[in-house]
1. Just wondering, is there one or more residues in the stretch 441-455 that are part of a loop (DSSP other than H, G, I, E, B) and either under 28 Å from GLY378 (Cβ atoms) or open to solvent by less than 60 Å² (accessible area, probe 1.4 Å) (or both)?
2. Return the pairs, sorted by first residue and then second, in which the second residue is open to solvent by 10 Å² or more (accessible area, probe 1.4 Å) and assigned to a helix (DSSP H, G or I), the first residue lies in the stretch 273-297 and is on the phi < 0 side of the Ramachandran plot and of a type outside the set (Gly, Ala, Ser), the beta carbons are less than 7 Å apart, and the residues are 6+ apart or on different chains.
3. Tell me the residue from ARG157, ARG172, ARG164 that is out of contact with any Lys or Arg (no Cβ under 6 Å at 6 or more places or on another chain), more than 20 Å from TRP51 (Cα to Cα) and in a strand (DSSP E or B), please.
4. With respect to the numbered conditions (1) in a strand (DSSP E or B); (2) at pLDDT below 95, which one is the sole condition not fulfilled by ASP188?
5. Any idea how many residues of the stretch 192-222 are surrounded by fewer than 24 Cβ atoms within 10 Å (Cβ to Cβ) and part of a helix (DSSP H, G or I)?
6. Need pairs with beta-carbon distance below 9 Å; first residue farther than 18 Å from CYS374 by Cα and within the stretch 407-426, second open to solvent by 80 Å² or more (accessible area, probe 1.4 Å) and of a type in the set (A, V, I, L, M); sequence gap 6+ or separate chains.
7. Which condition number in (1) modelled with pLDDT under 95; (2) open to solvent by 10 Å² or more (accessible area, probe 1.4 Å) is the one that THR283 fails?
8. Of these, ASP355, ASP368, ASP320, ASP311, which one is closer than 27 Å to VAL175 by Cα, under 18 Å from the mean Cα position of the chain (by Cα) and among the acidic types (Asp, Glu)?
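The values are calculated or read from the model by the stated rules, or taken from the named source; none is laboratory data. It should be emphasised that the depicted structure is a prediction, and the values quoted were computed from it without experimental measurement. Reconstructed Cβ throughout: ideal geometry from the backbone, glycine too, with neighbour counts over all protein chains shown. Surface areas here come from the heavy atoms of the whole protein model, side chains and all, with no ligands, DNA or RNA. Shrake-Rupley method; radii C 1.70, N 1.55, O 1.52, S 1.80 Å.
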Amino acid sequence: MTLPHTGRALADAAPVSYWLDRPERPDALPSLSGAHAADLLVVGGGYAGLWTALLAKEADPDRDVLLVDAGTCGWAASGRNGGFCAASLTHGLANGVERFPGEIGELERLGRENLDAIAATVAKYDIDCDFERTGELAVAVEPYQLDGLADDAEMARRYGHDVRLLDRDEVRAEVASPTYLGGMWDADRVALLDPAKLAWGLRRAALDLGVRVHEHTRVTGLARDGAALLARTSGGADAAPGSVRARQVVLATNAFPPLLRRLRSWVVPVYDYALMTEPLTATQRDAIGWRHRQGLADTGNQFHYYRLTADNRILFGGYDAIYHYGNRVAPALEQREATFTTLASHFFTTFPQLDGLRFSHRWGGVIDTCTRFCAFFGTAYEGRLAYAAGFTGLGVGATRFGARVTLDLLSGTHTPLTRLDLVRRKPLPFPPEPARSVGVNLTRWSLARADARDGRRNLWLRTLDRLGLGFDS
């Protein structure tokens, strides 16, 4: 089979996130200048910060909550992801069973409640984010992956998940790809949504409840100030420096350089990339089926995720996960031509019947990953500051749970959430450079090699597995 010329398909793709490149994007709010005070300062205006501010105000309308972001709310990972909102709090059931066997049942229940609560919030505040509870279809594209799907289905059923195994003909009847050999459809533990519109809707809801929001406001330092914390800020080129004296602080900066030095050993920023197609015609939709509009992911170590948008575009992302030496984060790293070419080639291998379709957008964004692949939590400054980080691509849903945890931690009382091992335990740290970069890139190479060798993991990956560092992409 001859693949279409990927360069032609990519020629007109705008180098910006599709989700952020719409007229619905709200105007930026003024940056902060001068001296301010608040009961609670939230640093970061992505999902983690927005959920924290909203939940704090819902619980106590008199609490003075101030949120700042170095850019605009939702401009980073929250406006660049695939829009998969999963119930899992542990980056999948298998990872949760491996790391938290004694409480995975409770974590699964909490995750389901969390997804239900997100749906309820979307309805309560009339957030127009194309929320669809379509579930997710995991597909095998190599024969060895079929046994893994069967094992995953057996485990899922033990924990009460509504899953269905599909053979080759059944999975292709759902979505027509010649690469599919089987599948597992998890019916309702994943919702799809428009990620930027969710962030903008949470911002509007928080503002309506009285949260003060300042954008283009970077926190440059934190220090004790009596019984409070003092955050120093800087704004745009024309903005005067500012400060916020807050009784309590939540850090929700995720992959970006942390204000707490201790977090640097636990979080690695990894770049993920995605393409968005132009809208499909009716004929093109008929050619692929996809009537149930599930989110899709293949089951390799270097996996792809893809889904339909409300206007029947296809988002196609994943595969490459790129780390840059020294935890480097920079706008220039959001574009990577080699990855876009690879993704486009893989797209047309998956859907050869869509030859001639063009991509409208290409972009990248940074993910906060940690060695256990799910969020970790903690406090600093004698309990006046709380943080959550390390969501590893599951932040669309799990950040709301993370916001609940950070607020419970700030309360200073023991709660059902703060007693969880998930909350009390930290992941293993990453080594310092240059060992960090060597280890991450050796792992990437080993994962690609495993995918090419029917899933067989080499000595490096088996060693990581024994240490509880079972990396995937």
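1. Taking every residue of the stretch 441-455 in turn, at least one turns out to be part of a loop (DSSP other than H, G, I, E, B) and either under 28 Å from GLY378 (Cβ atoms) or open to solvent by less than 60 Å² (accessible area, probe 1.4 Å) (or both).
2. ILE288/GLN353; HIS292/GLU174
3. Details: ARG157 fails: in a strand (DSSP E or B); ARG172 fails: in a strand (DSSP E or B).
Matching residue, one of ARG157, ARG172, ARG164: ARG164.
4. (1)
5. 6
6. Pairs that qualify, where the first residue is farther than 18 Å from CYS374 by Cα and the partner is open to solvent by 80 Å² or more (accessible area, probe 1.4 Å) and of a type in the set (A, V, I, L, M), are LEU407/ALA59.
7. (1) is the only condition that THR283 fails.
8. The conditions single out ASP320.
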